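Here's the structure, in structure tokens; my notes come after.
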Amino acid sequence: MRFRHILPLLVCCMMSLSSLAAPVGSKFFINRDGLRLHYLEAGRGQKTVVLIPGWLMPAAVFRLQLETLGEQFRVLAFDPRSQGQSEISNEAHDPARRMADMEDFLRAAGVGDYVLAGWSLGVLESLDFIERKPQGGLRGLILIDNSIGEGTPPKPAARSSKRSSTNPREREQYLRDFSRGIFRTPPPHDIGEAVLQSALQVPVRAANQLIAQPYPRTYWRDIVARQQVPVLYVIRPRLREQGEALLARKGEQLAEVEIFEDAGHALFVDAAPRFNALTADFARRAFSLSADAARPASNGHQPSSGN
């Protein structure tokens, strides 16, 4: 696999013009805690692409992926507790509960062989999940625009004091700005509205707890390093050094890095044709590997706390 900057535009355009939108279904299940959780589904078959959204985000942010990739694979997008159409929980939103929810989701959806794709906070939750609860059906990882503990820590993005404000008006304004700011260009109306409503509904305590990941940077780096499945790292230029470090560590046979120069944090919306073509190509190659070649590493390691 290669460190590539530009997927040929012809491939993207052909996919955009020739693909028909797969119908998207809405499904609910009850988790082990009695919460009613939700996911979206498109396509069918044994080869599944599972999409995990970011901080406060809904499954609906992946609508363009569900419709396009659903023509080739079964595609699922999860609404974690308190997000999207899942039930709002007043209980803790700690990693252990979130990982249990993901396990319940895969079981309820009957997922076998799958490629796991996480975006933003979903990158960290996806990595935490495969570390805590190794899945025999995992065939590949797609990590979208978040740090994975490689190289020099990136300069943190500016934080607004309004994010944790107890003043409802201040917090609402922050979330409105945040929901617009993840896109480089205005998104389709339904996606933008779903993003905003999901962000506004998550309780303040839950939102703050989700940000406070209790692990050192090396936790994420070491999880990725142990995986024997192929990894696709899709990023903006600010994470370029981490992409280079990932390639140096895992090599081109197991890692591929794509840089989206002119997209926002929700790059799969801003540059949907390119992202969808890239994901479809990666998933086809990941599913073509033998089960033995794709088996994830497991050494019984348990997560440890750290700052």
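Nothing in this text is a laboratory measurement; each read-out follows from the coordinates by a stated rule. Note that the structure is predicted; figures quoted are calculated from it, not measured. Here the Cβ positions follow ideal geometry from the backbone for every residue, glycine too, while neighbour counts run over all protein chains shown.
Anything over 29 Å Cα to Cα? Flag those among 27/133; 133/250; 27/250; 155/250, in the order listed. Flagged as over cut-off: 27/250.
Counting helices only, and only those DSSP H runs with n ≥ 4, report the 222 nm mean residue ellipticity of the chain as the sum of -39,500 (n - 2.57) divided by its residues, in deg cm²/dmol to the nearest 500.
Working: 12 runs with 125 residues, N = 307.
Using -39500 (n - 2.57) per qualifying helix, the result is -12000 deg cm²/dmol.
When each of the peptides 25-32, 144-151 is scored by how many other beta carbons lie within 10 Å of its residues on average, the order from highest to lowest is 144-151, 25-32. The modelled label-to-label distance for the pair residue 209/residue 173, using points 7 Å beyond Cα in the direction of Cβ, is 2.9 nm.
Subtract the Cα-Cα distance of residue 185 and residue 166 from 0.36 nm times their separation in residues, and report this length gain in nm to one decimal. Provide the component values of the computation, followed by the final result.
Numbers: separation 19, 0.36 × 19 = 6.84 nm, distance 3.01 nm.
In short, 3.8 nm is gained.
Converting the Cα gyration tensor eigenvalues of segment 3-285 into ellipsoid dimensions via √(5λ) gives semi-axes, longest first, of 25, 22, 21 Å. Taking a Cβ cut-off of under 12 Å around residue 220, the surrounding Lys, Arg, Asp and Glu residues balance to a net charge of -2, with basic ones at +1 and acidic ones at -1.
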